[in-house]
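*Asks:* Attaching a single structure in structure tokens format; questions to follow.
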Amino acid sequence: MYNENDFDKIDINVEPPVEEPARQYYFIAKCREWVKSFEQKNGRLPKSCVTTFGCQMNARDSEKLTGILKQAGFLMTEDENADFVIYNTCTVRDNANQKVYGRLGVLNGYKRRNPEMRIALCGCMMQEPSVTTKIRESYPFVDLIFGTHNIYKFAELLAGMYEKEAGMTMDIWEDTDKIVEDLPVSRKYPFKSGINIMFGCNNFCSYCIVPYVRGRERSRNPEEILKEIKSLVSEGVVEVMLLGQNVNSYGKNLESPISFAELLTEVEKIEGLERIRFMTSHPKDLSDELIAVMKNSKKICRHLHLPLQSGSTRILKEMNRRYTKESYLALAEKIRREIPDISITTDIIVGFPGETPDDVEETIDVIKKVRFENAFTFIYSKRTGTPAAAMENQVPSEVVKEQFQKVLKTVQDMARERVVRFEGQTVEVLAEEVNEQDSRLLTGRMSNNLLVHFPADTEMIGKIVKVRLDACHGFYYLGSILSSK
Ligand code: SAH
Ligand code: SF4
Ligand code: F3S
């Protein structure tokens, strides 16, 4: 493990080491030199902004980018009018891409006024050749581009960019089997943290671009995961979220295979850790062993995100999801039976090629039968290079919009009905932050992932407290604090 002061002891006048992470420590030391010279020239430290698009994986990656920037000596800001701005991009649906293009125009304006400014792009969008071509042609003011597979090289790329007078640096890898451990990370919350347990995805759902931009599935060694969680707990973390595109297939390809349920059992043993969450579970791989471990656990939260995508067996087959409407329903029923206080949430896509109003009725039927506590509903977005993009029967957007509204209404009605059932109960809540609308309130999360706002002192942030759920307001609660644990 690195130590902050050690960076200044690294000799940057010799050749960089070949092995990782020592090589990146060397380049962090180089960046520190650059920061010092910036400070001498400008009488202040350089400011840096990391903007994240997309999922929890990207959020975690951004904590790694921030960790390196902080170790290099940058001041972090949320203002994009900064000396170094990096966008960690997402490409799961086209609107994520459009947001990035729109905001790049604004960054260009800042850069005209501050020619020393440097702009970097990384993340999933950069793994698409059509994107990098477009940026090269239409956004030449971007200084650095890299992808998802070589993000661990960020310090090296940053140092290289600052050594160069001008021009774009681009380093995109097609795939990797490498996992580099022990790089600096700067967490957004002191009391909770995401942990990657695996990278990539092998499922190739026919609509989804993630396997193409994140590469093949690779699991981290359980020892590394446990070591990281223990170290987080020693720093004050009480809740972890284990991250992977399909956590249920964790560990299958390791040299000594281990199941996700077995990993959870080990994580549970870590003293001082209070809560365990995970994302995402693919229904096809959810085992009875996992249900049993969840049921008997004191720490695993009563929440399961179990993406349905569609309730029509025919569409599910076209999506390459490898389960049927009936098997999903049976699984959800088993989970509800075994763990009655669990919340089940889901993802739904409306408008997949060839989807008819009858297929949508099947989806609505599943929503009503499973009675999801919450669901994220997405309009199908055509992703170049995926099998679904080449399907001929794309659904016209007016039809999709109409069907989408129908699904959304069912989801919302159902969630409202489900959420109210906790009214009057006293539950444990992790107090997370000051409420955005009313600073007298704190916002916390129940084990089942529902939000509750309650009057309390900011000192309570990061603590698990007992809260009575006084009133349900649609999707959240107002409560009153009874005691801290
Ligand atoms: N690995 C996770 C999902 C990651 S992507 C899983 O399999 O559950 C998050 C969600 O985005 C998916 O569950 C899906 O509902 C949605 N999504 C993915 N590709 C999409 C596309 N092309 N159009 C619309 N929504 C999409
Ligand atoms: Fe995409 Fe399917 Fe992999 Fe999830 S499991 S990331 S939806 S391909
Ligand atoms: Fe987006 Fe990449 Fe996550 S495409 S959803 S940021 S894995």
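The values are calculated or read from the model by the stated rules, or taken from the named source; none is laboratory data. Every value quoted in this text rests on a predicted model; they were computed, and no experiment measured them. Note: ideal-geometry Cβ built from the backbone for every residue, glycine included; neighbour counts use all protein chains shown. Calculation scope for accessible area: heavy atoms of the full protein, side chains included, ligands and nucleic acids excluded. Shrake-Rupley method; radii C 1.70, N 1.55, O 1.52, S 1.80 Å.
*Asks:* From the residues in the stretch 403-432 that are surrounded by 14 or more Cβ atoms within 10 Å (Cβ to Cβ) and of a type in the set (Asp, Glu), which one is nearest to Lys188 (Cα to Cα)?
*Replies:* Glu432
*Asks:* What are the residues in the stretch 98-134 that are open to solvent by less than 10 Å² (accessible area, probe 1.4 Å) and assigned to a helix (DSSP H, G or I), if any?
*Replies:* Val100, Leu104, Leu107, Met125, Met126, Val131
*Asks:* Can you pull out every residue in the stretch 1-28 that is more than 30 Å from Phe278 (Cβ to Cβ) and assigned to a helix (DSSP H, G or I)? Give the steps one after another, and end with the answer.
*Replies:* Our first condition is that a residue be more than 30 Å from Phe278 (Cβ to Cβ); within the stretch 1-28, this holds for 3-19, 22-23, 25-28.
Within the stretch 1-28, Glu4, Asn5, Asp6, Phe7, Asp8, Lys9, Ala22, Arg23, Tyr25, Tyr26, Phe27, Ile28 meet the criteria.
*Asks:* In the stretch 29-58, how many are within 16 Å of ligand 3 (Cβ to nearest atom) and either part of a helix (DSSP H, G or I) or over 21 Å from the mean Cα position of the chain (by Cα) (or both)?
*Replies:* The total comes to 3.
*Asks:* Also: Does Lys298 satisfy being part of a helix (DSSP H, G or I), among the basic types (Lys, Arg) and either closer than 24 Å to Leu226 by Cβ or modelled with pLDDT of 95 or more (or both)?
*Replies:* Taking the combined requirement at face value, the residue does not satisfy it.
*Asks:* Search the stretch 136-167 for residues being assigned to a loop (DSSP other than H, G, I, E, B) and touching a residue at least 40 places away in the same chain (Cβ under 8 Å), and hand back the single one that is nearest to the chain's Cα centre (by Cα).
*Replies:* My answer is Thr148.
*Asks:* For residues in the stretch 196-227 being surrounded by 18 or more Cβ atoms within 10 Å (Cβ to Cβ) and without any contact (Cβ under 8 Å) to a residue 40 or more places away in the chain, which is nearest to ligand 1 (Cβ to nearest atom)?
*Replies:* Glu217
*Asks:* Condition first: closer than 24 Å to Phe278 by Cα and outside any strand (DSSP E or B). Can you find one or more residues in the stretch 464-485 that meet it?
*Replies:* yes
Matching residues to (1) more than 26 Å from Glu338 (Cβ to Cβ); (2) assigned to a loop (DSSP other than H, G, I, E, B); (3) within 16 Å of ligand 3 (Cβ to nearest atom); (4) open to solvent by 30 Å² or more (accessible area, probe 1.4 Å):
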| residue | (1), (2), (3), (4) |
| --- | --- |
| Ile229 | no, no, no, no |
| Leu254 | yes, yes, no, no |
| Pro257 | no, yes, no, yes |
| Lys284 | no, no, no, yes |
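*Asks:* Restricting to the stretch 184-223, what's the tally of residues that are near ligand 2 (Cβ under 8 Å from one of its atoms) and in contact with a helix residue (DSSP H, G or I) (Cβ under 6 Å, 6 or more places away or on another chain)?
*Replies:* Matching residues across the stretch 184-223 total 3.
*Asks:* Oh, and also: So, Ala471, is that one surrounded by fewer than 16 Cβ atoms within 10 Å (Cβ to Cβ), of a type in the set (A, V, I, L, M), within 16 Å of ligand 3 (Cβ to nearest atom) and at pLDDT 95 or above or not?
*Replies:* no
*Asks:* Please go through the stretch 301-343 and give me each residue that is assigned to a helix (DSSP H, G or I) and under 20 Å from Leu243 (Cα atoms), ordered by number.
*Replies:* none
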